[in-house]
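Scroll down for the structure; my scribbles are underneath it.
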Amino acid sequence: MTQAPPKSVNMRIDGHEVSVPEGSTILDACRKLAVETPTFCWAENLTPVNVCRICVVELEGARTLVPACSRKAEPGMSIRTDSARVRLSRKVVLELLGSSVDMSLSETFAKLKSQYGADPDRFGPRAPRAAAGEREAAEPGHHEVPDGSAAASVGQPVKVDNELFVRDYEKCMLCYKCVEACGTDAQNTFAIAVAGRGFDARISTEFNASLPDSACVFCGNCVGVCPTGALMFKSESDLRERGEWDESKQTVTDTICGYCGVGCQLTLRVQDNRIVRVTSPSDHSVTGGHLCIKGRFGSTFVEGDR
Amino acid sequence: MDLKHLEDTPTDAERQAVDDVVGQSRSDGGHALAPDARARRSLLLPALLALQARRGWVSRGGLGYVCRVLEVPPAEAFGVASFYALLALAERPAAFAHLCDDVACSMAGADQLRAAMEQRFGAPHAPEHRAEVHTRGHATKACWAKSPCLGLCDQAPAALVTVAGSSPSAQAFGGATAEKVAAAMAGRAIEPASYAICANGPRRLLARAGLVDPTRIDLYQAHGGFEALHKALAMGPAAVIAAVTDSKLAGRGGAAFPTGKKWEAVSKAAATPRYVVCNADESEPGTFKDRVLLEEDPFAVLEAMTIAGFAVGAARGYLYLRGEYPKAASRIAGAIQQMRAAGFLGSQVAGSGFAFDIELRSGAGAYICGEETALFASIEGYRGEPRSKPPFPVHSGLFAKPTAINNVETLAAVLHIVREGAASYASAGTAGSPGTKLFCVSGRVANPGVYETPFGTPLRSLLEMAGGVPGGRPIQAVLLGGAAGGFVSPAGLDLELSFEGARSAGATLGSGVILVLDDTIPLVPMLRRIAEFFRDESCGQCVPCRVGTVRQEELLARLESGVTRGGVEAEGLLLADLGQAMRDASICGLGQTASSAIESALRVLQPFPRSTR
Ligand SMILES: Cc1cc2nc3c(=O)[nH]c(=O)nc-3n(C[C@H](O)[C@H](O)[C@H](O)COP(=O)(O)O)c2cc1C
Ligand code: SF4
Ligand code: SF4
Ligand code: SF4
Ligand code: FES
Ligand code: FES
């Protein structure tokens, strides 16, 4: 059986002609032209959910902006990636995120914030954190009426319910990546999902059960894809808490996992002779960035201080 | 799938409620008969609603049982259940009252009603204050909460009362008082309030509403029922689509998309099966026209769906009805049964070779599920989160198959077009907007209700037809098109009610809302209520809408209190930026229009004097 060569699609981005294979996204075309396009919720090893809207671009003839990460390239499209409308939407998206979520561990966010001149404080001081359990108790269609003196946030205490990773949902931008990694895109465990509605939407197990009581198998694939540090290895979180996290003292080594014969590539981050983070390259042919509990936590769990 | 399930056991009653849903779908010859995962998943919301109706809330044992029967991961089922306002995930008494505090009701004493309720039953949701009411001889507890628009604005203030149990009941009624609500919670039937059903031209959409008993198929037939269906079956699908295209019928759900074009695209789509969906989610604040059609002329809506199915080549239709319309639900369910018995639905529609059946699906309290792709997700058993377009529903809609989705009123208009032809249809209305339109007139007018008028009628004439403002007070503003529409100032009342007339006035007809505010109504709290609505009803998926609607409400709170951030002008600029980003970068129409009415009020009514701090 011979396959027809893929058709190509010709379009214009910021006035430049570009040709990409059929099925490509606007983002693919932008990257081909080296036009920088920011992303948060997109990842090469996950199905696009296009929810963060930082990647929006202006498509000639369209009423609204369109998400570059998921909108398919079509013949004759004409795209602007740096118009006033694009810049305003990206700036406001950054401000909305920055005013409601702790984005302090996202280097992408810090860079974009200064690039777009985003000022999250325009909406007022961040409101105090919710008490534990308060956000989970919110009912869809109901909320405390605000007085506008402070900007509501997703602030809440960190959830520590196991030895392997912590969940600091004050840092959750609701990018859906962890849900996808736990579901059909990698793990097929479905331990977590989005629950609640609107601003009270959150990542949750059934009835807010602790992870050990849930379906979670501790593969850590959700930790591997989280862009904001909301999900973090306990080893890393403990060091950060003690003020001992020090990237200048860290080395990064690649190795092949020895637990079984599959041959997953592991990237080990080591500080003071201790493995503090284990990842796998998202373009690796075997793992696609995803691991199991042994590869992900075997070494930290053995060596970490319990 | 190898799923880890909850270990909690359901009660016998919960088990029975879920089994009944699964069994019912089997005996319905339902789509869900097929033993595949997709069909099972699509029973998730019906099963959760059954648990809610049985016990008054969805328990761990109940949800766990649903997950085992339908093979759904518990975390996902919890995610779905926690999306809907009519499903409770914490223990609640059997009797529960939802009291509307939305725009029309708050102008009609909703605040006083809630105060009276609070005195009698304690604070909303506060379990320690739940008072005893007597339900069919058993003492049970009751509690209440406020609710967005219940689609009874013509009878404001409105309430929806549900009583869970082995024979659960739900009643939505206007003219609500604390006494009536208490009586309903005790299981007594409440006398319906009255409202106007009027026309000032040809009575097409309202041909039977209020005049013919809507519960009897024989009377429907005696008054022109099924004539259009017989004619359509004789004409053939292509001719039906041609007639609808020629009529220039445009969607009445808000977007005004040409219906003929939509049907044509579905009929030509290669993939099968194709579906027809009637969008009866009607939840736009101020909207109740579809309710009147569904309650007072249910056979007409179902006949039109059958014609749509014939035209596009579908064998199955779904009618998705908002969960707050119990009367419409029973009328539609009854009409479907009678049509099946009389051979108008089933394997040989009206004796022809065309096979078609309709399934009624209930929503569960989520405005966003009226957005077409969110509606599909809801039927499929997922959270009501809109999907990106393209692909459009005509290519990939319900169950990712080609789908013709139309508003109730759009479908109802098809009957005249098929029976009398496109030329006759255009004998009323304007060149750009042929035909007639239903308007939902409420607020400060003498005779609130649903009005059928040819397109092109001036807004002012329609207000006169509704008896004008009681006591002859001056009009302060009209909210046109709903919360996603905009305000018209007294100077703009000559606006011509047609798609092109609204467009040239910078307005939109939206879902046909005409909500009148006289000069005694404080405008700012109304704007705030609209902001609150969008904050509550955002699905939460995309950043501009999820956070933007929160910031918009906070901003209005500051404007209302006068404690602004840098003055009224600065707040105006902030709102303009927010509005622009929500319009441009949100996934769906909810976020895209969340600031429309508020920005229009600031533009045409100047409610905030510049001198405010
Ligand atoms: C937030 C939102 C809510 C909507 N709610 C409804 C609704 O309740 N009923 C409706 O018919 N259309 C509603 N729509 C419009 C539908 O998405 C869709 O356009 C319509 O059902 C198409 O039918 P039509 O062409 O007959 O109007 C809504 C759209 C949005 C964005
Ligand atoms: S660790 Fe694995 S199984 Fe557990 S929640 Fe994360 S992705 Fe799902
Ligand atoms: S926890 Fe991380 S990966 Fe999951 S939604 Fe939040 S930010 Fe995204
Ligand atoms: S615009 Fe609002 S309602 Fe629509 S998808 Fe985004 S968050 Fe959901
Ligand atoms: S990266 Fe495109 S929407 Fe998030
Ligand atoms: S029913 Fe209360 S505002 Fe519509």
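So here's what we get for this one:
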item: Test: residue in segment A:219-227 that is assigned to a loop (DSSP other than H, G, I, E, B) and over 19 Å from A:Thr287 (Cα atoms); result: no
item: Number of the condition not met by B:Val58 [criteria: (1) open to solvent by 10 Å² or more (accessible area, probe 1.4 Å); (2) part of a loop (DSSP other than H, G, I, E, B)]; result: (1)
item: Those residues of segment A:60-90 which are away from every other protein chain (no Cβ under 11 Å) and among the hydrophobic types (A, V, I, L, M, F, W, C), in sequence order; result: A:Ala68, A:Ala73, A:Met77, A:Ile79
item: Filter result for B:Asp281 (in contact with a strand residue (DSSP E or B) (Cβ under 7 Å, 6 or more places away or on another chain), within 16 Å of ligand 4 (Cβ to nearest atom) and not assigned by TED's automatic domain parsing to the domain that holds B:Ala156); result: yes
item: Selected residue (criterion: farthest from the other protein chains (Cβ to nearest Cβ)) from residues of segment B:65-93 that are in a helix (DSSP H, G or I), of a type in the set (Gly, Ala, Ser) and under 23 Å from the mean Cα position of the chain (by Cα); result: B:Ala81
item: Checklist (1) open to solvent by 10 Å² or more (accessible area, probe 1.4 Å); (2) modelled with pLDDT of 95 or more applied to A:Thr47, failing item; result: (2)
item: Which numbered condition A:Ser106 misses (of (1) surrounded by fewer than 14 Cβ atoms within 10 Å (Cβ to Cβ); (2) modelled with pLDDT of 95 or more); result: (1)
item: Answer from B:Arg316, B:Arg291, B:Arg340, B:Arg331 - the residue that is crowded, with 24+ Cβ neighbours inside 10 Å and in the same structural domain as B:Pro402 (by TED's automatic domain parsing); result: B:Arg291
item: Leading residue by the ranking (least open to solvent (accessible area, probe 1.4 Å)) among those in segment A:212-231 that are near ligand 2 (Cβ under 9 Å from one of its atoms) and at positive phi; result: A:Gly220
item: Single residue of segment A:135-184 satisfying the filter (within 14 Å of ligand 2 (Cβ to nearest atom) and among the basic types (Lys, Arg)) that is surrounded by the fewest Cβ atoms within 10 Å (Cβ to Cβ); result: A:Lys159
item: Test for B:Gly254: is it touching a Gly at 6+ places or on another chain (Cβ under 8 Å) and not hydrophobic (A, V, I, L, M, F, W, C); result: yes
item: Evaluation of A:Glu206 against (1) on the phi > 0 side of the Ramachandran plot; (2) open to solvent by less than 20 Å² (accessible area, probe 1.4 Å) (one fails), failing number; result: (1)
item: Residue, nearest to B:Gly254 (Cα to Cα), within segment B:502-515, restricted to residues that are surrounded by fewer than 24 Cβ atoms within 10 Å (Cβ to Cβ) and touching a helix residue (DSSP H, G or I) at 6+ places or on another chain (Cβ under 9 Å); result: B:Thr508
item: Meets criteria (in contact with a helix residue (DSSP H, G or I) (Cβ under 7 Å, 6 or more places away or on another chain) and within 14 Å of another protein chain (Cβ to nearest Cβ)) for A:Phe233; result: no
item: Flag if B:Gly363 is under 22 Å from B:Thr306 (Cα atoms), within 14 Å of chain A (Cβ to nearest Cβ) and not polar (S, T, N, Q); result: yes
item: Residues that are out of contact with any strand residue (DSSP E or B) (no Cβ under 8 Å at 6 or more places or on another chain) and at the interface with another protein chain (Cβ under 8 Å from one of its Cβ atoms), drawn from segment A:140-182; result: A:Pro140, A:His143, A:Val145, A:Pro146, A:Asp147, A:Gly148, A:Ser149, A:Ala152, A:Met173
item: Elements of type strands (runs of 3 or more DSSP E) contained in segment B:346-461, each with 2 or more residues being open to solvent by 20 Å² or more (accessible area, probe 1.4 Å), within 16 Å of ligand 3 (Cβ to nearest atom) and on the phi < 0 side of the Ramachandran plot; result: none
item: Enumeration of residues in segment B:144-168 that are open to solvent by less than 10 Å² (accessible area, probe 1.4 Å) and at positive phi; result: B:Gly151
item: Test: residue in segment A:29-51 that is farther than 24 Å from A:Val194 by Cα and in contact with a Pro (Cβ under 9 Å, 6 or more places away or on another chain); result: no
item: Index of the failed condition, B:Leu294 passing every other in (1) in a helix (DSSP H, G or I); (2) over 18 Å from the mean Cα position of the chain (by Cα); result: (2)
item: Any chance A:Arg63 is within 20 Å of B:Lys389 (Cβ to Cβ), out of contact with any Lys or Arg (no Cβ under 7 Å at 6 or more places or on another chain), surrounded by 21 or more Cβ atoms within 10 Å (Cβ to Cβ) and of a type in the set (D, E, K, R); result: no
item: Failed criterion for B:Arg583 (all others in (1) modelled with pLDDT of 95 or more; (2) open to solvent by 40 Å² or more (accessible area, probe 1.4 Å); (3) more than 16 Å from ligand 1 (Cβ to nearest atom) hold); result: (3)
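The values are calculated or read from the model by the stated rules, or taken from the named source; none is laboratory data. As the structure is a prediction and not an experimental result, all values here were calculated from the model. A quick note on method: Cβ atoms are made from the backbone with ideal geometry, for glycine too, and the neighbour counts reach across all protein chains shown. Quick note on the areas: whole protein, heavy atoms, side chains included, nothing else; ligands and nucleic acids left out. Shrake-Rupley method; radii C 1.70, N 1.55, O 1.52, S 1.80 Å.
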